[in-house]
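A short write-up of the structure that comes next.
The values are calculated or read from the model by the stated rules, or taken from the named source; none is laboratory data. Source: prediction; values computed, not measured. For neighbour counting, all protein chains shown are included, and Cβ atoms are generated from backbone atoms with ideal geometry for every residue, glycine included. Keep in mind that these areas ignore ligands, DNA and RNA; they rest on the heavy atoms of the full protein, side chains included. Shrake-Rupley method; radii C 1.70, N 1.55, O 1.52, S 1.80 Å.
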Amino acid sequence: PSPSWRDVGRLHEWKRPRPTRMAVKADVFAGSIAAELTTKALLHPLDTIKTRLQYTVVPKRQRAGASSIPIVSDLRLGFRVLADATRSPEHSMKDPSLRPRSRAADAANAARSLYRGLTPQLVGVVPIALVYMPSYEVASGALKGTPLQSTPIAGVLTGVASAVVRVPVSVIKSRIQLGLHQSAGEALSHARRGGRGGLYAGLRATVVLDTSYAVVQFTCLEQLRTLALRFSGGELTDPTQLGTKANAAIGFATGLFAAVATEPIDVVRTRLMTQGAKGVGAFAYDGLAHGLAKASRAEGMASLWRGLLPRLVTKSTGSLVWYTTYMEARRAFNAARRTSADG
């Protein structure tokens, strides 16, 4: 209602109506989408190398000395993967023997080969982004002030929610990266017919991976956010007030810890998504536990960290870009909303 004339003198004391809950969360959606698009586009070649390394089997008897160390092994095998990528843009883990028509085509072939699977990766950004961070913000907000606030429940719920959306995207992307299918349409058509596990091959492993990753990630985020605010000497009271450098450091460290902790699950998940039907095919894994046990017996425990080097780079750098972009996008969105409200 309009104020009466006797209230005109107190108009400066009026407060604007608080934004609705939907408006408050809009910055989370905007930040999530911007962060995911930036991260996926920049780091896709490293993700392709990681996927091909994880798919590679090296029997235990062929591993000796320094080559049995995960990161050293990744360097040796990684150069082989790069060499294979230069041979043809249609690189396939089934037939890597194709050759380009000229040596000048090497760089172009490598770029096209390593960017295989980018389209489904980017198409999946919006649905994944609309689930991942918003799920965590809603869950952590609901638990705030309760005895469960300091537990990893918010991370667990986030992992479960995101896995349902992430699995079909990961299945199609991984199979294109490995050259098992030449296009997203071909991979989707094959999966819809139920071939090789369908669109939800490796769902349970992905739920475990996403849940584990989310627990480690958000535990680190909360601890590092708290530490950063404490070092501000009380000048800052909310994570959105932290600067770009602080957010970058928080994102980088979080990705580093989460990648090391969850690499074995990611290796088996990749193989489950790209093998034949359950219990047969390239790896004949019946599930996550069976895959972990079989890989460690046949290839050694170190094999469970194959692909760790590119994953360390993608997850730490990706987390740096993702979290910094996420927080900056939120800040920009809120600033624009305040400007609009003031106008």
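Of all the numbered requirements in (1) in contact with a helix residue (DSSP H, G or I) (Cβ under 7 Å, 6 or more places away or on another chain); (2) touching a residue at least 60 places away in the same chain (Cβ under 8 Å); (3) open to solvent by 10 Å² or more (accessible area, probe 1.4 Å), Val138 misses one, and that requirement is (1). Beta carbons closer than 9 Å, at least 6 apart along the sequence or on distinct chains, pair a first residue in segment 142-158 that is in contact (Cβ under 8 Å) with a residue 24 or more places away in the chain with a second that is buried (at least 16 other Cβ atoms within 10 Å of the Cβ) and assigned to a loop (DSSP other than H, G, I, E, B) for Thr158/Val131.
Quick grid of which residues meet (1) modelled with pLDDT of 85 or more; (2) under 22 Å from the mean Cα position of the chain (by Cα):
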position	(1), (2)
Glu235	no, no
Asp238	no, no
Asn247	yes, yes
Ala253	yes, yes
Gly291	yes, yes
Ser296	yes, no
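When the residues of segment 285-334 are narrowed to those that are aromatic (Phe, Trp, Tyr) and open to solvent by less than 30 Å² (accessible area, probe 1.4 Å), which ends up nearest to His44 (Cα to Cα)? Out of the qualifying residues, it is Trp322.
Is it the case, given these coordinates, that Val125 is open to solvent by 20 Å² or more (accessible area, probe 1.4 Å) and among the β-branched types (Val, Ile, Thr)?
Numbers: open to solvent by 20 Å² or more (accessible area, probe 1.4 Å): no; among the β-branched types (Val, Ile, Thr): yes.
Here the answer is no, as Val125 does not meet what is asked.
Quick one: in segment 196-211, which of the residues that are more than 14 Å from Tyr132 (Cα to Cα) and open to solvent by 20 Å² or more (accessible area, probe 1.4 Å) is modelled with the lowest pLDDT? Checking each candidate, the answer is Arg196. In this structure, is Phe252 in contact (Cβ under 8 Å) with a residue 12 or more places away in the chain, touching a Cys at 6+ places or on another chain (Cβ under 8 Å), part of a helix (DSSP H, G or I) and of a type in the set (A, V, I, L, M, F, W, C)? No; evaluated as a whole, the condition is false for this residue.
Among the numbered conditions (1) among the aliphatic types (A, V, I, L, M); (2) closer than 24 Å to Ala110 by Cα; (3) modelled with pLDDT under 80, the only one that Ala35 does not meet is (2). The set of residues in segment 225-249 that are among the small types (Gly, Ala, Ser) and either in a loop (DSSP other than H, G, I, E, B) or open to solvent by less than 30 Å² (accessible area, probe 1.4 Å) (or both) comprises Ala228, Ser232, Gly233, Gly234, Gly243, Ala248.
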